[in-house]
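Contents: one structure, followed by commentary.
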Amino acid sequence: MRFCFVPGVAGLGVYYNNAMLLEGPSFGPGCRRDDVTPQLQNATLPCGSAQLFTRRWDGGLNLSTVAGRWVELSVEANLGTRLWVSGRKLVDQWQVPDEVTAWAGKGWVAKDAVVPVRMESIGIGAQPLADVHLRVDGGNWTAVPDSMWTGSVEKPELQRQELQRGLARSWNTWNRGSAGSHVILPAGLGFTLGIHNRSSDEIISWDAVDSCAETEECQVRPGAHAINGSYTKISRRIPHAAVNYTVESAHADDDGNFLVVLVTAHGPSATEGMRARATVDFFFDCGLNLRPGNQSVCGAILTKNRTVEAEPEGFPGGVVAAVGGLVSAADGVLSASFDSSGRVCFTAGGTETKLSIEDCQNIVSRRQAWYFAGLDVKYPRNKVGKLRDAVEAVRSVVAWNTMWDMRVNVVTPVSRNFGELPYAMWLWDMYFLTLLAAGDSKEVAYSNFIEMTVPTQYGNVPGYFDKDGVGADRSKPYVAAMILLDHFKRFGDPWIVELMFDKLAGWADWVRDMRGFWLSSTEYLIVPGSNNIANVQGGAACSTVHAVWETGLDNSPIYDNITVLQAPPGEACILPVLDVGLNSLQVASLDALSQLAKALGRSDRSNQLAAEGARLSATLSRLLWDADRKIFDNRLAVDANFESGRWKGGAGKFIGRITPTAFYPMLAGVPDAEQAVTMVARWLGTGSGGFCLVDGGSQCQFGLPAVVSFDPAFTDQDYWRGRVWAPMNYLVYRGLAHAKYRHLETVMQARGALVASSQALLLGEWLDMGHVHENYGPNGSGYSAGGGGSNPFHHWGALLGYVAMEAAEEAESVIFM
């Protein structure tokens with residue numbers, strides 16, 4: 001497909017310095033070199049650099065034919081060219097080439113049905129021509145056919161693009177590789193802080209905040225962090241030297257283009273032989289993604305006047321400088337000695353402003369005061385007590401883990417040092433994160449929700465993806481729809497519902513079609529599984545490991561000694577377990593989707609979803625309630641056979657091993673009031689210490705362990721075998737707070753006990769060590785000796801505090817925005 005910036009079709013404008021000069025039709029396929037632009041011949045144009053004149057075409061690219069696959073685009077052009085797809089700059093070759101044709105590079109884009117595209121050509125003299133090619137999954141390059149180009153993009157997608165443009169800006173800790181790194185978007189210039197011990201030549205860094213030893217106070221301790229980067233604080237402890245270094249950053253202007261970073265040394269020997277240093281680099285590999293790039297190509301150079309200068313697009317000022325003290329510069333590193341008060345300051349972007357150390361301190365102190373004043377409005381400590389500490393933990397873990405990469409935009413991976421770099425995305429972790437982020441930034445919440453919700457060509461939202469692979473054979477627990485409904489009730493934005501609904505509804509259909517175990521011609525229950533497909537992340541598909549991963553409970557004892565059943569290629573291999581947790585979440589999802597469809601005016605789809613949810617709820621209630629033990633429980637799927645594209649069979653015996661998933665039917669409103677009261681009283685109340693909400697001894701002080709305390713696997717204390725997991729606590733809390741049950745006295749008591757236990761468990765290590773753990777021991781320790789471990793700065797651990805925040809909102813004791 002050839003782009004020609006000529007009269008013929010609407011969509012193009014002529015711009016000078018980003019201001020439109022002329023608007024009109026000027027794009028068409030199959031154009032000739034002798035086409036002309038008569039509008040320009042008679043126009044009065046400003047004088048200026050040719051690079052400030054551009055011709056742009058805005059339209060769309062239909063990628064539905066390559067759904068869920070990896071797509072690369074490249075451009076051959078006779079003039080400098082830029083190509084954006086979904087707001088991501090994939091090609092950036094912005095100069096007039098010496099040759100008639102110039103190769104402009106290539107980039108990566110994930111599938112989305114119809115995505116917005118912008119083609120931009122430099123100057124207005126010669127006739128610009130650009131040939132666009134694509135390849136799929138690393139195959140052969142082919143010209144993009146005319147049929148894939150469209151002149152329109154739906155409004156919700158444009159709003160998503162605008163959302164990302166608004167987020168990916170200003171100075172912030174965008175680089176996941178180091179918490180001591182500060183980067184400005186969209187320019188991509190950044191610098192990474194360290195302390196240089198000149199006697200030992202050791203570099204003390206602020207790399208991942210979660211890489212410290214779990215058995216002692218964290219050497220790197222994250223503190224306050226405004227979500228927009230206007231104020232941050234992080235400390236680094238050097239145990240053997242009994243010294244600390246604290247780094248605080250602050251925006252010196254309202255736009256976030258002028259940054260001040262203050263490093264303060266604490267301890268008698270903290271400044272002896274020590275220098276603070278800033279290693280300056282580009283973090284886009286020349287505009288592609290966050291990783292160190294080639295400075296000579298990208299334009300960042302160290303100069304003799306002790307500054308690092310660059311003038312990339314979108315970076316005002318372009319100078320990183322040290323303030324005060326003895327300064328030296330060499331090989332891309334700017335070093336500065338501490339002053340007599342143990343402080344050193346670096347600035348970036350403020351080329352016209354000369355600051356002293358006291359000026360830096362004042363800017364930092366002012367931004368710090370503003371940050372905490374904002375918290376005081378919503379959560380005044382004298383009224384909410386320790387809830388304020390929980391809120392600070394939530395905000396810190398969200399903001400410190402938020403990063404940027406061109407392929408996924410602004411996202412918040414589970415932790416800075418967990419999973420593949422530069423990002424790794426686990427499905428239900430990310431959806432829970434959007435709840436945690438929403439109280440501070442609706443935009444960050446939306447961005448994470450959107451970037452996670454990228455269905456495969458099969459229809460499922462994958463359980464995991466990173467830059468190199470996708471867990472396309474499986475999913476994860478289905479929490480997205482009910483969380484999207486929460487966001488809609490809270491913010492009332494229909495555009496994100498329009499953008500997400502068909503993807504989530506299609507995913508729900510996939511769950512029924514690929515995970516339904518049919519008990520009759522009209523009744524089914526959900527089983528975990530892994531589709532028999534090739535080239536998936538994490539080893540071979542169609543395995544027991546992958547099927548268990550789909551439950552989210554990686555080594556839970558409830559799946560011990562159960563083996564996956566094989567299926568033909570392309571079909572679902574299943575774990576023969578009628579799963580209480582997955583079925584409950586599917587009922588809740590169908591109900592949420594029905595409400596969202598109604599809000600969009602799709603009454604037929606709403607009714608269909610509601611009816612399907614009611615049928616599944618009735619089957620769950622009838623078959624998975626253990627009347628003898630007064631609890632919901634998994635059952636084996638027996639007599640299984642694969643026939644006509646479906647698994648069919650019957651319901652066997654109860655598994656007999658109880659986990660918090662047994663309470664998930666309450667969040668879907670499945671049990672009646674009598675069942676709910678009986679179950680809660682027997683298993684969460686004073687009649688049982690099995691879930692550690694009442695005194696269960698020194699090893700059972702905090703709930704809810706991932707398996708009941710008298711199960712043999714409880715003593716393993718290894719990952720999902722006895723540890724406490726915040727998402728489980730949150731989902732059980734959500735059930736206890738369901739409108740159908742929350743007024744019941746027994747349920748109210750259990751809910752209060754769960755809130756108190758959750759908050760206390762979070763604050764124990766947050767206040768002492770700055771930890772927010774992936775999972776906790778029911779004895780209160782975040783440290784795990786088990787093989788699964790416990791990442792000490794994992795954002796979903798903050799759901800323990802979010803439970804308390806929701807409870808406070810329900811009690812109307814605090815304004816929760």
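The values are calculated or read from the model by the stated rules, or taken from the named source; none is laboratory data. Keep in mind it's a predicted model, so treat the numbers as computed, not measured. Positions of Cβ are backbone-derived with ideal geometry, glycine not excepted, and every protein chain shown enters the neighbour counts. Heads up: the accessible areas ignore ligands, DNA and RNA and are worked out on the full protein's heavy atoms, side chains in. Shrake-Rupley method; radii C 1.70, N 1.55, O 1.52, S 1.80 Å.
At-a-glance table
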item: Accessible surface, region 349-480, averaged per residue in Å² (probe 1.4 Å); result: 30
item: Å² of accessible area per residue within region 544-673, as computed with a 1.4 Å probe and no ligands counted; result: 36
item: Phi-based couplings in Hz for region 575-580 (Karplus 6.51, -1.76, 1.60; Gly and Pro marked x); result: 8, x, 9, 7, 8, 4
item: C-alpha center-to-center spacing [region 416-465, region 746-813] in angstrom; result: 21
item: Lys/Arg +1, Asp/Glu -1 at C-beta; region 513-598 dipole; positive extreme among Val587, Ile562, Val545; result: Val587
item: Estimated FRET transfer efficiency when R0 is 51 angstrom, pair Ala143-Arg615 (beta carbons, to 0.05); result: 0.55
item: Carbon + sulfur, % of accessible area of region 586-671 - ligands and nucleic acids excluded, 1.4 Å; result: 46
item: FRET efficiency for Lys489 and Glu745, using Cβ-Cβ distance with R0 set to 35 Å, rounded to 0.05; result: 0.85
item: Cross-link pairs Lys233/Lys442; Lys233/Lys489; Lys442/Lys503; Lys233/Lys386 - those with Cα-Cα distance over 26 Å; result: Lys233/Lys489
item: Carbon/sulfur fraction of accessible area - region 423-557, other protein chains in place, 1.4 Å, %; result: 50
item: Under 5 Å, built H, 5+ apart or other chain: amide partners of Asp718; result: Arg723
item: Net length gained if the chain between Ala627 and Thr563 were fully extended (0.36 nm per residue, minus Cα distance); result: 20.3 nm
item: Of all accessible heavy-atom area on region 714-792, the percent that carbon and sulfur account for (1.4 Å); result: 52
item: Spin-label model distance (nm) - Val694 vs Leu767, 7 Å beyond Cα toward Cβ; result: 2.7
item: Three-way shape call for region 352-406 based on the alpha-carbon gyration tensor, with the a/c threshold at 1.5; result: oblate
item: Karplus 3J(HN,Hα) series, Hz, for region 170-175 with 6.51 cos²θ - 1.76 cosθ + 1.60 (x for Gly, Pro); result: 6, 6, 6, 8, 6, 8
item: Difference of contour (0.36 nm per residue) and Cα-Cα distance, Lys155 to Ala673; result: 182.1 nm
item: Length released on extending from Asp513 to Asp131, taking residue separation times 0.36 nm less the Cα-Cα span; result: 133.4 nm
item: Cα gyration tensor shape of region 669-782, rounded if a/c is under 1.5, else prolate or oblate by comparing a/b with b/c; result: prolate
item: Mean-position separation - Cα centroids, region 604-622 and region 488-541, in angstrom; result: 15
item: Long-range HN-HN contacts of Glu571 with modeled amide H, under 5 Å; result: Asn532
item: Note, ³J(HN,Hα) from phi for region 494-502, Karplus 6.51, -1.76, 1.60, rounded to Hz, x at Gly and Pro; result: x, 5, 6, 5, 4, 5, 9, 4, 4
item: Three-way shape call for region 412-480 based on the alpha-carbon gyration tensor, with the a/c threshold at 1.5; result: oblate
item: Cα-centre dipole for region 421-532 with unit charges at Cβ (Lys and Arg positive, Asp and Glu negative), debye to 20; result: 180
item: Computed label-point distance, nm, for sites Asn641 and Phe710 using a 7 Å Cα→Cβ extension; result: 4.1
item: Unit charges on C-beta of K, R, D, E only; dipole of region 517-650, Debye; result: 400
item: Amide H contacts under 5 Å for Lys467, placed H, 5+ residues apart; result: Tyr423
item: Cα-projected label distance for Arg366 with Lys378, points at 7 Å along beta-carbon direction, nm; result: 2.4
item: Calculated FRET value between Leu600 and Asp255, using beta carbons and R₀ = 45 Å, to 0.05; result: 0.80
